[in-house]
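Working notes for the structure below.
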Amino acid sequence: DQQVKQNSPSLSVQEGRISILNCDYTNSMFDYFLWYKKYPAEGPTFLISISSIKDKNEDGRFTVFLNKSAKHLSLHIVPSQPGDSAVYFCAATYSGTASKLTFGTGTRLQVTL
Amino acid sequence: GAVVSQHPSRVICKSGTSVKIECRSLDFQATTMFWYRQFPKQSLMLMATSNEGSKATYEQGVEKDKFLINHASLTLSTLTVTSAHPEDSSFYICSAPKGGRGQFFGPGTRLTVL
């Protein structure tokens, strides 16, 4: 049962444009969401997070939007840079799980010149 | 700099042998650490929660006798893959919470069982 889904396995965006990565979840108990960036053979690196009491969180070029009613979140990267090329995972957790994360399936972002 | 380290980064072993992977929190104490496994082109799957001073908590479908976890101190958790077989070949990653509700991940260990 995949509780966190990223339906787009890959995405290609031109440098300078906006990258939008999407994530859907099914467990309504999730109240904290995170985005991680991962390169091959490395551990994930934290990018940005959002609590369910908010609908938007911004950090530099990265913005995460949360739509609780739709159980959907998205990561916007603008402007996209070639160094952003990696696999992006969304993850979710809820209170009482000692920070246990449930990961999505990942989206491979390729930023082209 | 890295806040969670793993050792070794890569290991190749023969089928039937046991392999130990170490996970260390470098500048903070972690009473809880997590072990994940990632197969090629798949998501990170939580295997178990390592608890300092008590038994690990395993996720459904993970054999606790095969994947032995020991949280020996507040900065060290070890995962031992016992009697490894080719199907255990995977990328193993540990993580530790450090403030807030997120986690810091180690660089991962690539296990190849021949």
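Overview of values
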| item | result |
| --- | --- |
| Region B:23-46: number of residues that are over 19 Å from B:THR112 (Cβ atoms), open to solvent by 20 Å² or more (accessible area, probe 1.4 Å) and within 11 Å of another protein chain (Cβ to nearest Cβ) | 3 |
| So A:LYS56, is it touching a strand residue (DSSP E or B) at 6+ places or on another chain (Cβ under 6 Å), closer than 25 Å to B:PRO97 by Cβ and touching a residue at least 12 places away in the same chain (Cβ under 8 Å) | no |
| Region A:18-50, residues that are facing another protein chain (nearest Cβ under 7 Å), within 11 Å of the chain's Cα centre (by Cα) and surrounded by 21 or more Cβ atoms within 10 Å (Cβ to Cβ) | A:LEU34 |
| Residue that is away from chain A (no Cβ under 14 Å), closer than 18 Å to A:LYS100 by Cβ and surrounded by fewer than 19 Cβ atoms within 10 Å (Cβ to Cβ), where the choices are B:LYS20, B:LYS98, B:LYS64, B:LYS14 | B:LYS64 |
| Condition met for B:SER73 (closer than 16 Å to B:GLU22 by Cα, more than 9 Å from chain A (Cβ to nearest Cβ) and open to solvent by 10 Å² or more (accessible area, probe 1.4 Å)) | yes |
| Residue within region B:47-55 that is modelled with pLDDT of 95 or more, surrounded by fewer than 18 Cβ atoms within 10 Å (Cβ to Cβ) and among the hydroxyl-bearing types (Ser, Thr, Tyr) present | no |
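The values are calculated or read from the model by the stated rules, or taken from the named source; none is laboratory data. Owing to the predicted nature of the structure, the values given are computational and were not obtained by experimental measurement. Using ideal geometry, Cβ is built from the backbone for each residue, glycine included, and neighbour counts are taken over all protein chains shown. In case anyone asks, the SASA skips ligands and DNA or RNA and just uses the protein heavy atoms, side chains included. Shrake-Rupley method; radii C 1.70, N 1.55, O 1.52, S 1.80 Å.
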